[in-house]
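J.: Below is one structure. I have some questions about it.
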Amino acid sequence: DVKVTQSSRYLVKRTGEKVFLECVQDMDHENMFWYRQDPGLGLRLIYFSYDVKMKEKGDIPEGYSVSREKKERFSLILESASTNQTSMYLCASSLRGFRSYQPQHFGDGTRLSIL
Amino acid sequence: AQKVTQAQTEISVVEKEDVTLDCVYETRDTTYYLFWYKQPPSGELVFLIRRNSFDEQNEISGRYSWNFQKSTSSFNFTITASQVVDSAVYFCALRLNDYKLSFGAGTTVTVRA
């Protein structure tokens, strides 16, 4: 089974801090994703990576950056955390191919609170 | 632009009742893929099913069944004889010929014993 592991289930940080959310997958998937989930809005894509050191912006990239130095690891960075970034963050991975319809596999999520 | 609408925000049923979750999508593409995911209280999204736009066959998997109708742009999901373990948030999602998944807002299903 695919395993996507997010480093923290719950995280509390202060406004202005630099925050790192880590995600690791063990199935050699090329694609990795970061979403945020908010009530009534479903999941919204923040960033996507299709290979090491490659990244593309999703629907809501403002205030975030990402890093993919190794194939299995994809980090989401909040450069200067703000209260409107309090949310549930979900990492996912999938096989590559623009025409691939392989499902994305998700981690358990990190519930981040910015005070 | 593509869009997925799950009009039902919350559904509450008593155990053993059937429950149908609606999903309506919008896209101008002729090739696309539809997905359903389940998110139990633990938080992880669990993949349930995918359908491509060329396959309108309905599918049944145990107590779960899916009805895909291109004519009405709908991909509805039915849980038959619901159980307490079915309590979760269910998401419908649409994917075109690229990596991007567009999710609906989700429907929270509560099954009471």
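The values are calculated or read from the model by the stated rules, or taken from the named source; none is laboratory data. Nothing here was measured: the structure is a model prediction, and the numbers come from that model. Please note: Cβ atoms are built from the backbone with ideal geometry, for glycine as well, and neighbour counts cover all protein chains shown. Ligands, DNA and RNA are excluded from the accessible area calculation, which covers all protein heavy atoms including side chains. Shrake-Rupley method; radii C 1.70, N 1.55, O 1.52, S 1.80 Å.
J.: Residues of region B:6-47 being touching an Asp or Glu at 6+ places or on another chain (Cβ under 8 Å) and either open to solvent by 60 Å² or more (accessible area, probe 1.4 Å) or modelled with pLDDT under 90 (or both), which ones?
T.: Matches in region B:6-47: B:7, B:42, B:43, B:44.
J.: How many of the residues in region B:55-86 are open to solvent by 30 Å² or more (accessible area, probe 1.4 Å) and in a loop (DSSP other than H, G, I, E, B)?
T.: Qualifying residue count for the region: 10.
J.: While we're on this one: For region B:88-113, which positions are more than 11 Å from chain A (Cβ to nearest Cβ) and surrounded by fewer than 17 Cβ atoms within 10 Å (Cβ to Cβ)?
T.: The answer is B:110, B:112, B:113.
J.: Give all pairs with beta carbons closer than 6 Å in which a residue from region A:74-96 that is in a helix (DSSP H, G or I) meets a residue that is modelled with pLDDT of 95 or more; count only pairs at least 6 apart in sequence or on separate chains.
T.: Once the first residue is in a helix (DSSP H, G or I) and sits in region A:74-96, its partners that are modelled with pLDDT of 95 or more give A:83/A:114; A:85/A:78; A:85/A:114.
J.: In region A:36-65, how many are buried (at least 21 other Cβ atoms within 10 Å of the Cβ) and more than 8 Å from chain B (Cβ to nearest Cβ)?
T.: Qualifying residue count for the region: 5.
J.: Among A:46, A:114, A:77, which is the only one that is touching a helix residue (DSSP H, G or I) at 6+ places or on another chain (Cβ under 6 Å), of a type in the set (Val, Ile, Thr) and modelled with pLDDT of 95 or more?
T.: On the way: A:46 fails: touching a helix residue (DSSP H, G or I) at 6+ places or on another chain (Cβ under 6 Å); A:77 fails: touching a helix residue (DSSP H, G or I) at 6+ places or on another chain (Cβ under 6 Å).
A:114 is the lone residue from the list that is touching a helix residue (DSSP H, G or I) at 6+ places or on another chain (Cβ under 6 Å), of a type in the set (Val, Ile, Thr) and modelled with pLDDT of 95 or more.
Residue-wise test of (1) in contact with a helix residue (DSSP H, G or I) (Cβ under 8 Å, 6 or more places away or on another chain); (2) over 27 Å from residue A:87 (Cα atoms).
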position: B:4; (1), (2): no, no
position: B:23; (1), (2): no, no
position: B:41; (1), (2): no, no
position: B:51; (1), (2): no, yes
position: B:56; (1), (2): yes, yes
position: B:61; (1), (2): no, yes
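J.: Residues of region B:1-20 being touching a residue at least 60 places away in the same chain (Cβ under 8 Å), more than 10 Å from chain A (Cβ to nearest Cβ) and either within 10 Å of residue B:75 (Cβ to Cβ) or more than 12 Å from the chain's Cα centre (by Cα) (or both), which ones?
T.: B:2, B:3, B:10, B:11, B:12, B:13, B:14, B:15, B:16, B:17, B:18, listed by residue number.
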